[in-house]
Structure formats: C-alpha cells, structure tokens
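The values are calculated or read from the model by the stated rules, or taken from the named source; none is laboratory data. These figures come from a predicted structure and were not determined experimentally. With ideal geometry, Cβ positions are generated from the backbone for all residues, glycine too; neighbour counts draw on all protein chains shown. What goes into the accessible areas is simple: the full protein's heavy atoms, side chains included, and nothing from ligands, DNA or RNA. Shrake-Rupley method; radii C 1.70, N 1.55, O 1.52, S 1.80 Å.
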Amino acid sequence: MSYRIRNWSEYNARLKRIGSLTFWMDEAVLAQWVVPSLSGQRGASVFYSDIAIATMATVKAVYGLAGRQCQGFLTSIVGLMEFEFPVPDHSTLSRRIGKLSIALPVLPASGARHIVVDSTGVKVYGEGEWKTRQHGISKRRTWRKLHLRVDEATGEILAATMTSNGVHDGEVLDELLNQIEDDIEQVSTDGAYDHRHCYEEIVERGAKPVIPPRKDAVIWQHGNCKAPPHPRDENLRYIRKHGRKKWKRDSGYHRRSIAETTMFRFKTLFGGNLRSRRFDNQAAELLIKCAALNRMIQIAKPDSYHVEA
C-alpha cells in the first residue's frame, strides 16, 4: 500500500521546528527557572524549580545527551543567550528527576475517545544485539516494560506507566484507564488482555472492549443465562459466524496498529535503552519522553491518504 502526504510543506517546516531549542526552552520556562523564596522547612531549600529540572531532562532525552554533556550543552546555550542564571548540575538532575510529577500534554477531546493499547520493553543494561546473536543472552540483561494507552484519532499518549518485565499487561489496565478522565468509547487491545477482569474494567468505564479471543476460546456465558450477553461471547459468536478477519475489520480492531506506530516512533526518536539506574528515575525518564513525543505529534502530524496502485 502506498500513501501520500497532503500537507507536506507544512509538515516539513514543523518537523524542522521540533529540532529548535526555542521550542523546548521558551521564555516562560526561563522566567520560572529558579525558586524565588525559601521553603521555610528544615534543610536546604530547593534552588531550581521543577520545571527547570523537567526542561533539562527533556533536552537530555530529545538530543540524546549524557548527564554531564547535557549540563555543558545547556551552560553554553545559556551563555550564548546572555542569561544570568546557573544550570543544574548533572547530579542534581539525577537526584530530583525521580520526584517530579509529570503530566502528559494532551489536547482536549471533541468526543469520546477510542483507546488503543500496547506495551514494549526498554533495556536497562545488558549486551548488544550482536553479542546476543553470537553467544546468546546472559542473566544480567535487565528490561523494563512501558505500557501505553494511545488515542486512535490523534496519536497522543493518554496514559503511560512503567513496570518490571515480570508484570503482565492486563495487571495495569485498570490503573491506566483511571488516568484518562475523558469519556471512552472503545478500547482495542491484543490477545494478552483476554481475561475476565480486563473486560470488566473496560465495561465499567462504559466502553466497548475489542479484544481478540484465543484460538481455543469457549463461550463464558451461554444464552440461557439471565445475565446480559457478555462482550467476549458476542465477539466469539461473530468470529465463528463470519471469521476472524471480518470481525477485526468490522470492529475497528486494525486501528490498534496506531499503538504499535507510537512504539516505533518512541524507539526511533529515543532509542530502546534507559540511561537512569534507579527505578523511580527510569519511570520519570520514560514519562518525560512520552510527554516530548506528545508535543512533537501535536505540532507536526502528517495528513496522508491512500494512493491506488
């Protein structure tokens, strides 16, 4: 399948703007760089504001810098801009990033949202792909799992959380759905969420669950039961009658690929590794990257259309 972009000139210009430092460090941020007053509590007061720490962490993630290099980079930028304020030390960034409260920037919705769900692994440390291919995987490879809830229409990340690699996808479904305040029309997931509690959590939000049943699935609630039809059973009956391919097309399940596209964009821009070593810092690092990804798609999104062969 071939696609063309309608708004190429506008999209091209906005992609260039994303690389501009003024996009990530505007005057409003610089005006709130330091905390103007003492906390009045015991111990040393915080000098740099949370927005200063978040800005430094964002620049570090977007431009792929290590801690000391990011500090030197910002120091040189501040010097060129002739601003008279210091830049946080890389150790200050490492100490405070895990305590930040990071909100994902999301544009207001015009109606109920269609949520698509996916998760991916990000590596903390371990061998590269070449060594793994040649000699196998050692026990020291450590991963974290990033769970995302994405708006099918806009491509924005609405909710995100990080867990260890031993946590099942369905275990965090309710937590992430509760992070979304807007009305939800439909939740599309892969077969990993084919569990009773996942259906119940989606229905509680007044949404339609679109989850492909297992190949050997059986009816949970038969027709002679007095309870209303179960969504999974309705899906399963439709699949038995019309086939799985038609069910996916008619239910809008294929739109779940938007979540996989978001994962691809995330790893293309930020890589598949984490620089932080503490768990809280790793979670904050991933949330900052998700927030940056939202700002990128809000300013530069292609308007494409299908071209017949």
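Those helices (runs of 4 or more DSSP H) of the stretch 1-103 in which at least 1 residues are surrounded by 12 or more Cβ atoms within 10 Å (Cβ to Cβ) and of a type in the set (K, R), considering only elements entirely within it, cover 8-18, 50-62, 90-96.
Please determine whether any residue of the stretch 163-170 is charged (D, E, K, R) and farther than 20 Å from D250 by Cβ. Please lay out each step first, then the result.
The initial filter retains those residues of the stretch 163-170 that are charged (D, E, K, R), namely 169.
Filter once more, so that each one left must be farther than 20 Å from D250 by Cβ: 169.
For the stretch 163-170, residues charged (D, E, K, R) and farther than 20 Å from D250 by Cβ: present.
Could you list all residues from the stretch 221-240 that are of a type in the set (D, E, K, R) and open to solvent by less than 30 Å² (accessible area, probe 1.4 Å)? Selection gives R232, D233. Tally the residues that are outside any helix (DSSP H, G or I), in contact with a helix residue (DSSP H, G or I) (Cβ under 8 Å, 6 or more places away or on another chain) and open to solvent by 20 Å² or more (accessible area, probe 1.4 Å), restricting the search to the stretch 241-275. So the count comes out to 1. In the stretch 104-121, of all residues being in a loop (DSSP other than H, G, I, E, B) and either of a type in the set (D, E) or touching a strand residue (DSSP E or B) at 6+ places or on another chain (Cβ under 7 Å) (or both), the one that is surrounded by the fewest Cβ atoms within 10 Å (Cβ to Cβ) corresponds to A112.
Residue-by-condition table, conditions (1) modelled with pLDDT under 90; (2) closer than 20 Å to G98 by Cβ:
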residue	(1), (2)
W33	yes, no
S37	yes, no
Y48	yes, yes
G67	no, yes
V78	yes, no
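Selection of the stretch 195-220 for residues being open to solvent by 10 Å² or more (accessible area, probe 1.4 Å), in a loop (DSSP other than H, G, I, E, B) and farther than 17 Å from L176 by Cβ yields P212, R214, K215, D216, A217, V218, I219, W220.
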